[in-house]
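Below is one structure, written out as structure tokens; the observations come after it.
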């Protein structure tokens, strides 16, 4: 069993909040660059920015125009459902790389994304660029009855997306794209349909009849990938359900499962960041509370690999 240590709640400054709660609640993707921690939340129009070094309230960067409804059902229908955040290497007009936020693709309004330019220190500079990611996400309907992208990582010359299963569609998958093709498309005025170069399905087992399913992933230097997974008791990609188990796993560069370690408590982990130090893996993880009144939490843990 893996035990997590609570570091902080994802509170935001009053200046950024307006009339909204002073926190992010549905943290869904995590990238750390130097001392900066970026968090996407699936029910927000903003990106959360926090310091790794202290527990001061974070601030928000607006990604999309508009205002989401406050009621849970209406907000769920309209939200962009940003579930994955990837750090892209330097390319063409982005000499210091970029962050790419991905919608889950589970509904037509959830096929948007955002490209954010980085400066030499890993800070965001310039205005976010909104993207229509339908050319990447729609072709996945040929592979899955329900598309639900929950993680995105760059490994060598590939962008890899993590498809999340559920009780109705238990198949998790790692979806591979040639990175150069994706980067060229992101720079284009119009993105043509991009089909994956490979799709590898992965069975993570189950608990109490509920399958473990991907919620995020991070790349390791050797081409392996560390991922978070939860067993959420739901039949589809839209409705929430009780979380009956959570785990952290390792998949090798070929997409084979190497290990899966249960958490001692069923935290709904939806974002993961990893740093490899010889055979020790230092992890940061963020949660989705499934309740707008409850702040998302940042946890840490260490694993031997």
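Any read-out appearing in this document is the output of simple, stated calculations on the displayed coordinates, not a laboratory observation. Fair warning: this is a prediction, and the values are worked out from it, not measured in the lab. FYI the Cβ positions are ideal-geometry reconstructions off the backbone, even for glycines, and counts take in every protein chain you see.
When a/c is below 1.5 the answer is rounded, else prolate if a/b is larger than b/c, else oblate, so apply that to region 5-304 with a ≥ b ≥ c taken from the square roots of the Cα gyration tensor eigenvalues.
Since a/c stays below 1.5, the shape of region 5-304 is classed as rounded.
Subtract the Cα-Cα distance of residue 143 and residue 276 from 0.36 nm times their separation in residues, and report this length gain in nm to one decimal.
Here the segment from residue 143 to residue 276 would lengthen by 44.6 nm.
Would you work out if region 23-180 is rounded, prolate or oblate? Take a ≥ b ≥ c from the square roots of the eigenvalues of the alpha-carbon gyration tensor; rounded if a/c is under 1.5, else prolate when a/b is larger than b/c, oblate otherwise.
Taking the square roots of the gyration eigenvalues as a ≥ b ≥ c, region 23-180 is oblate.
Neighbour counts of other C-beta atoms within 10 Å: give me 125, 243, 32 arranged from fewest to most.
Lowest to highest Cβ neighbour count: 125, 32, 243.
Specify whether the C-alpha gyration tensor of region 187-284 places it in the rounded, prolate or oblate class, a ≥ b ≥ c being the square roots of the eigenvalues: rounded for a/c under 1.5, otherwise prolate if a/b is larger than b/c and oblate if not.
In terms of gyration-tensor shape, oblate.
Relative contact order of the chain: what whole-number percent is it, with Cα pairs under 8 angstrom and at least 6 residues apart?
18 percent
Which ordering of 5, 302 is given by a fewest-first count of other beta-carbon atoms within 10 Å?
Starting with the residue having the fewest Cβ neighbours, the order is 5, 302.
What distance in nm lies between label points placed 7 Å from Cα along the C-beta direction at residue 234 and residue 54?
Placing both labels 7 Å beyond Cα along the Cβ direction yields 3.6 nm.
Given a Förster radius of 22 Å and the C-beta distance between residue 1 and residue 35 as r, what FRET efficiency does 1/(1 + (r/R0)^6) yield to the nearest 0.05?
The formula returns an efficiency of 0.10 here.
For the residues 65, 132, what sequence is obtained by ranking on other C-beta atoms within 10 Å, fewest first?
In order of increasing Cβ crowding within 10 Å: 65, 132.
How many nm separate the modelled label positions at residue 70 and residue 187, each set 7 Å beyond the Cα in the direction of the Cβ?
With each label placed 7 Å out from Cα toward Cβ, I get 4.6 nm.
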